[in-house]
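Following: one structure in structure tokens, then a few remarks.
The values are calculated or read from the model by the stated rules, or taken from the named source; none is laboratory data. Not measured: the values here are computed from a predicted model. Here the Cβ is made from the backbone with ideal geometry for all residues, glycine too, and neighbour counts use every protein chain on show. SASA here: full protein model, heavy atoms, side chains in, ligands and nucleic acids out. Shrake-Rupley method; radii C 1.70, N 1.55, O 1.52, S 1.80 Å.
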Amino acid sequence: MAARIRDVLAEGGTVVSIPTLTTGYTADALRFAENGASTVQQARTAAEFAELVNRVPVTGRGWSWDGVEHLWDIYRDVLAAELATSTRTPPEQKRYAAAQNLLYREAGGARVPSPVYLAYQSCGHAVVAAQTALAESKGSAKEAALTAALHQAEQDWLVKGHRKEVEAALLDLDSLGDKDPAQTWIAYRRQFEPEPGSANWATSPDGSQYAVTGFSPAGILDEPWAVLRIDRSELPDTAAGIGSVSFEYCLVRVVRPWLDPAMLRSRAWRFAKDAPDLCDGADPPSGRCTSYVESVVFARSLSVVRGSAQGDEAASGESEPMGLGFLEPQTALLIPSETATLDETATLDGNEIPADFTPTEETERVMGHYVFPGTPPPEEALSADIAGTPAPDGETVTTPSGTVLVVAFILRLLPKCPDPNPDLTWVDETAPTEIHLPRVQYGATNEEVRTLQNALITRGRNIPSGATGHFGNETKAAYAAEQQAQGYTGHDADGIPGCKSLTTLGELAGFTVQC
């Protein structure tokens with residue numbers, strides 16, 4: 001089963017990771033991605049989904065986490081990394097600005113995808129869906145029609161999705177962004193305020209803080225999904241009691257408005273010498289964050305037809321147990337949207353849960369794996385280990401109507417990260433660590449001015465010419481922006497360093513000041 005899912009969805013640079021047990025939600029609860037969280041159930045699901053896809057995973061074919069570090073923690077550290085200095089030329093700056101204008105718009109002070117970029121993403125998703133449907137129909141009567149549908153989807157991506165223009169713009173953002181990382185990081189910082197309390201963060205009903213995360217297409221719940229059917233001949237020996245399995249499935253892209261993956265690919269930043277790498281780029285990789293969840297596979301209408309291979313039951317005289325593992329309908333882990341108590345009325349998929357039920361060690365492990373901090377402890381949640389009475393031969397077992405299962409995660413592998421480009425210009429580690437106030441005034445040219453400029457650039461202040469060592473109008477404007485950020489106004493934010501503002505900057509950037 002897992003192999004078939006991987007065959008359909010695997011692509012270069014990714015790993016299809018399969019959980020031991022699936023996580024299930026009601027379709028209505030997942031509508032938070034389309035309409036916002038308008039109910040307590042949707043608010044809780046939004047928080048749980050964000051937790052599920054933003055914990056740093058262990059890169060591998062079996063889904064697991066390593067600790068509780070989150071992708072937003074990684075992103076926060078990269079935002080504070082040391083940056084290379086600017087080498088972008090005026091023509092390159094013009095190309096970079098054009099790429100930004102094509103791909104993004106400003107909305108409420110945040111950068112959001114433009115209509116052109118949204119069309120590109122939508123058409124790209126349609127191509128993936130068409131490729132998946134075709135892969136599952138090879139040799140069938142539908143193959144010709146699905147081949148034509150794929151060709152049309154590819155044409156739509158090219159024309160309606162502006163594929164060539166968008167991908168050229170994306171390439172410019174990646175390549176030219178590294179030539180002026182300070183300006184690029186300004187956009188990243190505007191997009192994500194790393195501390196809870198900003199617009200990027202939300203609060204779950206139980207008080208937990210999480211970075212807002214959704215999925216796209218948000219309206220996928222109301223669209224037809226591809227169907228995967230696996231007959232007895234394709235099932236493993238462990239599924240001896242199964243005649244066939246079928247389910248509808250779709251691939252959704254995880255949407256993080258606060259994160260731009262280009263940052264993780266950039267070679268224009270580095271950590272301090274003793275900081276651990278995010279990824280060493282080896283095979284298999286190691287590091288703090290070797291991959292992240294890029295997409296999720298949803299499934300619904302899971303149907304298992306009871307039946308055995310010829311002679312299986314006749315030889316044993318007994319009914320073999322189901323052997324589907326993570327896709328058995330009875331073992332779908334449904335994270336409760338409200339605090340659940342195990343009483344005589346509690347049920348899971350129609351199976352009554354005894355009042356004296358005690359979760360097994362395996363149940364606690366799985367439930368603890370998925371429940372995020374602040375949710376009820378495992379013993380208060382519904383069990384994932386309740387198995388129903390095996391269905392008689394030929395009978396069909398299905399998941400409840402309206403249940404959507406998370407059956408796989410597509411992990412995007414990180415390259416070596418950080419991987420600073422030695423051809424870029426980096427701050428000289430032998431540069432002065434002490435600045436004398438009289439030597440960094442307007443008109444001065446020396447290494448202490450260069451140290452000041454690099455500090456301003458690292459803080460996200462714009463000096464188009466870079467750290468030249470000369471204190472001119474660009475540096476004056478950048479220093480004025482720094483003064484304003486420190487709370488100075490009027491004549492106190494004139495761009496001329498004073499003892500207090502320079503000392504504050506030094507504390508942030510790592511140099512001392514002699515006034």
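Brief remarks on what is shown
- Boolean, Glu482 is among the charged types (D, E, K, R) and modelled with pLDDT under 90: no
- Among the candidates Ala182, Ala129, the residue that is buried (at least 19 other Cβ atoms within 10 Å of the Cβ) and touching a Cys at 6+ places or on another chain (Cβ under 9 Å) is uniquely Ala129.
- Qualifying residue in segment 174-185 (condition: touching a helix residue (DSSP H, G or I) at 6+ places or on another chain (Cβ under 9 Å) and at pLDDT below 80): yes
- Here Leu259 does not qualify as under 30 Å from Pro217 (Cα atoms) and not in a loop (DSSP other than H, G, I, E, B).
- Exactly one residue out of Ser140, Ser122 is among the hydroxyl-bearing types (Ser, Thr, Tyr) and part of a loop (DSSP other than H, G, I, E, B): that is Ser140.
- Reported count of residues in segment 150-171, each being without any contact (Cβ under 8 Å) to a residue 24 or more places away in the chain and of a type in the set (Lys, Arg), is 1.
- Check on Pro420, under 30 Å from Val58 (Cβ atoms) and not in a helix (DSSP H, G or I): yes
- Filtered by the rule that a residue be polar (S, T, N, Q) and in contact (Cβ under 8 Å) with a residue 24 or more places away in the chain, segment 258-311 gives Ser266, Thr290, Ser291, Ser295, Ser301, Ser303, Ser308.
- Residue check, Asp174 surrounded by fewer than 19 Cβ atoms within 10 Å (Cβ to Cβ), in a helix (DSSP H, G or I), under 24 Å from the mean Cα position of the chain (by Cα) and not hydrophobic (A, V, I, L, M, F, W, C): yes
- When the residues of segment 441-462 are filtered to those that are under 18 Å from Tyr188 (Cβ atoms) and among the aliphatic types (A, V, I, L, M), the one that is modelled with the lowest pLDDT is Ile457.
- Flag if Arg111 is in contact (Cβ under 8 Å) with a residue 60 or more places away in the chain and open to solvent by 40 Å² or more (accessible area, probe 1.4 Å): no
For (1) over 18 Å from Val252 (Cα atoms); (2) of a type in the set (Lys, Arg); (3) surrounded by 16 or more Cβ atoms within 10 Å (Cβ to Cβ), each residue gets a yes or a no:
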residue	(1), (2), (3)
Gln100	yes, no, yes
Ala107	yes, no, no
Tyr117	no, no, yes
Leu158	yes, no, no
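- Among the residues of segment 443-467, those that are among the β-branched types (Val, Ile, Thr) and crowded, with 16+ Cβ neighbours inside 10 Å comprise Val449, Thr451, Ile457, Thr458, Ile463.
- The single condition among (1) touching a residue at least 60 places away in the same chain (Cβ under 8 Å); (2) open to solvent by less than 20 Å² (accessible area, probe 1.4 Å) that Phe471 does not meet is (1).
- Each residue in segment 210-245 was checked for being open to solvent by 20 Å² or more (accessible area, probe 1.4 Å), modelled with pLDDT of 85 or more and either polar (S, T, N, Q) or more than 23 Å from Val404 (Cβ to Cβ) (or both), and 1 of them qualify.
- Qualifying residues in segment 42-78 (those that are small (Gly, Ala, Ser) and crowded, with 22+ Cβ neighbours inside 10 Å) - the one farthest from Gly214 (Cα to Cα): Ala47
The rows are residues; the columns are (1) aliphatic (A, V, I, L, M); (2) within 27 Å of Phe192 (Cβ to Cβ); (3) part of a helix (DSSP H, G or I).
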{"site": "Gly443", "(1), (2), (3)": "no, no, no"}
{"site": "Arg450", "(1), (2), (3)": "no, no, yes"}
{"site": "Ala455", "(1), (2), (3)": "yes, yes, yes"}
{"site": "Asn462", "(1), (2), (3)": "no, yes, no"}
{"site": "Ala478", "(1), (2), (3)": "yes, yes, yes"}
{"site": "Asp492", "(1), (2), (3)": "no, no, yes"}
{"site": "Ser501", "(1), (2), (3)": "no, yes, yes"}
{"site": "Leu508", "(1), (2), (3)": "yes, yes, yes"}
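- Checked against (1) more than 19 Å from the chain's Cα centre (by Cα); (2) farther than 19 Å from Pro90 by Cα, Gln209 meets all criteria but (1).
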